[in-house]
Protein chains: 2
Amino acid sequence: MRKLNIAIIGLGNIGSYLFKYLKKNKKIISKKNNCIPNVIYVSAKNRNRNRGFKISNKIWLKNYLDATKNKNVDLIIELIGGAEGPAKKLVFKALKNGKHVVTANKALIAKYGDQLAKIAENNKVNLEFEASVCGGVPIIRSLKEGLIANKINKVYGIFNGTSNYILSSMDKENKSFDDVLFNAKKLGYAESNPSSDLNGDDVSAKLKILSSLCFNSFLNNNIHVEGIKNIDKDDISYAKKLGYKIKLLGYAELIGKHIFQRVHPTLIKESSYVASIDGVLNAVIIDGAPVGQSIIQGEGAGPAATTSALISDISSILRGNVKFPFSISNKERKNLNFKQISERDFSAYFRFNVIDKPGVLSNITHIFSKNNVSIKRLVQDPNKNKGSSSIIIITHPSKDKYLNKIIGTINRRSYVKKKSKLIRIDDE
Amino acid sequence: MRKLNIAIIGLGNIGSYLFKYLKKNKKIISKKNNCIPNVIYVSAKNRNRNRGFKISNKIWLKNYLDATKNKNVDLIIELIGGAEGPAKKLVFKALKNGKHVVTANKALIAKYGDQLAKIAENNKVNLEFEASVCGGVPIIRSLKEGLIANKINKVYGIFNGTSNYILSSMDKENKSFDDVLFNAKKLGYAESNPSSDLNGDDVSAKLKILSSLCFNSFLNNNIHVEGIKNIDKDDISYAKKLGYKIKLLGYAELIGKHIFQRVHPTLIKESSYVASIDGVLNAVIIDGAPVGQSIIQGEGAGPAATTSALISDISSILRGNVKFPFSISNKERKNLNFKQISERDFSAYFRFNVIDKPGVLSNITHIFSKNNVSIKRLVQDPNKNKGSSSIIIITHPSKDKYLNKIIGTINRRSYVKKKSKLIRIDDE
């Protein structure tokens, strides 16, 4: 049987899991792909870390970059992480030297994916990155193969398990953001530094990758990104009263000839599919023709789910299935018209915390009307013993820039006690 | 650019849609796969049917079997349907003559898939059948590629849109089976002869195919199949009161060393994911390691969704990605231990329609206890003005054969007015 020689670079949680899994399942993977995955080298920053298993001295590389020069290596698996530094150096050199690359590195692909894909295509090698977007959800292979027939007009969903866990726990346990985050860290659902999970950057990188794949465009940085740090318990409970849940959603959508990319907390109808996805799960929804709506759901992260994705990429290379990294040749990818969301229409949820005095409500509604934003529902909720009120407003659809203008104007008023909130609504 | 010469055999709704779609999207499909899908022949039983578009006289075959002999044909797309007759003849001959085959024919694959896969493997051609199982849900490609790493222990879900539409409409509109079926036919959601949709045969064929793919086994006919014809409005409303929905589900599961294949109406918790799938949608849930639970949902049938699946198979062949039809070599597939469900444990829902007289309830509960089936909940509901009662019993898990024995015993009692009901519960 044919063999494919592999170097695994990076042996943290994921690299170690993959190494063990490949060893244990070598036979069945070989049988399924008619080719043996043969790990001949590994490298890691910390060689002496206790990984719970033995690695023969013979297969340690002196320098991780040696893998890119070694004639026996066919495939390099990059599990170092980070858009710059050693991961970048490794993947660029590997592709330039005609090695296949499999990576779980969303930051790298979202930043340098176009350049890397070009090199891979020129050298007729694979660059695969299923594990970079929602590990347990085989979304990239589905877009590149299972749904290849389709013209996609929208891809959206829950792409970050940590933030989804936090929002759904705040909802279920009626706890504050900080309390839930503290617990999430203890339980291992949030990293010790979870900032890229919470500020939307993680979703942003994944969305850019998906959006290129869906629309056959180059990667584009025109993306609106908001995280979940400003969502508090009150927003979640008001949303609930109004029939919504709050989720951190990523959207890439083709409207007319424009593409909008956006990541932000969203009010979504409680009865919708996306609202039902709780905890650390990920879910991707694709609207396309002729298929209609397709949904793929699964575990988003962790060594096990990520290994499932890595093995899928490795298997594809074992079978000799050389593909364009972004589904279509570099020469055919386009620079499409990506647009700011300021021009897109949204219904919105506003929450104002104001001093309880005559004229405030009238001033607020006046500002809405001056900006041509029409109000669908208004709830005024006096805060006990504080001389203040919460005013919740749900609007009809209006351009995003007007919604933001309203927030800006009202925040400058002296009757405002706390910074006002604006959360977009998904009414579809 | 390379070309692949295609013959489409069968030009009904699906064949016609595919023909048009391939013509219209030839350029983009060629670009994505670096190979041109070139339709050189077609054939259909009724050449003169009005298809709404023109087909050049030159590409009509005199005899559909000529496609299997013609040296220029690389790929035959079989859209005739049926497990026997011309479809069978065509696919066997095509593979024997070294042609790739793409088919949407679940009956054929469920019956002759093993023999066909062997011929395909020996002749190093592809036999692809994504469209045979849940068209808009790329489940076969996901099992063979996206989730290839995983050891699957269970696959289940909603595999038939027609029966799901009927059950969910009965629930939502509180109508009888016959009324809903009548409407479904008018709306095109049920065929004029929907028997294979309603009696479980359609699900059974799909499940056999999935189960082989999941467990690397040969196709096996040890499968328990029940349809939805005996479900009535009362069952649906009692289920609802108890917190359940009734769905026609297919299951293939590995428990210990045994595989159980079963298709039957099932009470499933209202809060579960599967319960939320209404209308003509299909949903497939896969439990595997290391991935955990993966869900794929989409439109199950119709020319558009089926074409999406067919193009995915065609694209795979365009790219030269030759694979084992059932994921693994014929030599490696196994005859696993498939077991009757009589030995499996289920909780169950029973409904008895009995004469209202003393001693009946005590006799019924006595029969349960004699069969060692313990009762979890019991509801007695007197039917107005009829001198009869409905007795609903929910049991704790018990072997299927004992549940069936109870039904048999009680149905022979003179106090029984209508045939008793037994519906299995999914409590997981």
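Readers should treat all values here as calculations from the given coordinates under stated rules, not as data from a laboratory. Everything numeric here is computed off the predicted structure, so don't read it as measured data. Reconstructed Cβ throughout: ideal geometry from the backbone, glycine too, with neighbour counts over all protein chains shown.
Numbers at a glance
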item	result
Degrees separating the helix B:303-318 axis from the principal Cα axis of chain B, which is the longest one	50 degrees
Total charge dipole magnitude, the range A:1-111, about the Cα centre, Cβ charges on Lys, Arg, Asp, Glu only, Debye to nearest 20	340 debye
Over 18 Å between alpha carbons, listed pairs B:88/B:111; B:175/B:245; B:45/B:96; B:240/B:405; A:151/A:206	B:45/B:96; B:240/B:405; A:151/A:206
When each of A:323/B:54; A:20/A:89; A:247/B:185; A:331/B:69; A:154/B:154; B:241/B:339 is checked by Cα-Cα distance, pairs over 29 Å	A:323/B:54; A:247/B:185; A:331/B:69; A:154/B:154; B:241/B:339
Percentage relative contact order, chain B, counting C-alpha pairs under 8 Å, at least six apart	16 percent
Positive-pole candidate from B:252, B:393, A:402, dipole of the protein assembly as shown, charges at beta carbon	B:252
q = 0.20, 0.24 Å⁻¹: log10 I(q)/I(0) that the Debye formula gives for the range B:341-426, counting C-alpha atoms only	-0.86, -1.20
Between 0 and 90°, nearest 10: helix B:106-122 axis offset from chain B longest Cα axis	40 degrees
Calculated log₁₀ intensity ratio I(q)/I(0) where the Debye formula runs over C-alpha points of chain A, q = 0.08, 0.14 Å⁻¹	-0.50, -1.23
Cα convex hull of the range A:139-299, projected area averaged across orientations, nm²	9.5 nm²
Selected from B:297, B:227, B:129, residue furthest toward positive end of dipole (chain B; charges at beta carbon)	B:129
Relative contact order computed over the range B:139-298 (Cα-Cα under 8 Å; 6+ residues apart), in percent	35 percent
Net charge dipole size for the range B:139-298 [Lys, Arg +1 and Asp, Glu -1 on Cβ; Debye, nearest 20]	400 debye
Order of A:206, A:245 under a 10 Å beta carbon neighbour criterion, fewest first	A:245, A:206
Debye log10 I(q)/I(0) for the range B:329-387, one point scatterer per Cα, at q = 0.24, 0.29 Å⁻¹	-1.12, -1.33
Placed amide H near residue A:398: partners under 5 Å, 5+ positions off or other chain	A:346, A:347
Separation in nanometres of the label points that stand 7 Å from Cα toward Cβ, at residue B:83 and residue B:255	2.6 nm
Percent RCO, i.e. relative contact order, over the range B:286-428, from Cα pairs under 8 Å lying at least 6 residues apart	28 percent
DSSP-loop GluC sites (Glu not before Pro) across the range B:298-357, with at most 14 other Cβ within 10 angstrom	B:332
A:178, B:232 arranged by Cβ crowding within 10 Å, fewest neighbours leading	A:178, B:232
Overall dimensions of the protein assembly as shown as given by Cα atoms, namely Rg and Dmax in Å	29.1, 89
Mean shadow area of the range B:270-320 over all directions, Cα convex hull, nm²	5.1 nm²
Under-5 Å amide H pairs with residue B:338, H placed in peptide plane, nonlocal only	B:259
Sorted by Cβ density within 10 Å, fewest first, the residues A:278, A:197, A:427	A:427, A:278, A:197
DSSP-assigned coil residues among trypsin sites (Lys or Arg not before Pro) in the range A:89-133, each with at most 12 further Cβ atoms within 10 Å	A:124
On Cα atoms only, tilt of A:400-411 relative to the major axis of chain A in degrees	50 degrees
Shielding by other protein chains, A:283-294, mean Cβ within 10 Å	5
Phi to ³J(HN,Hα) by Karplus 6.51 cos²θ - 1.76 cosθ + 1.60 over the range B:172-179, Hz, x for Gly, Pro	6, 9, 6, 10, 6, 3, 5, 4
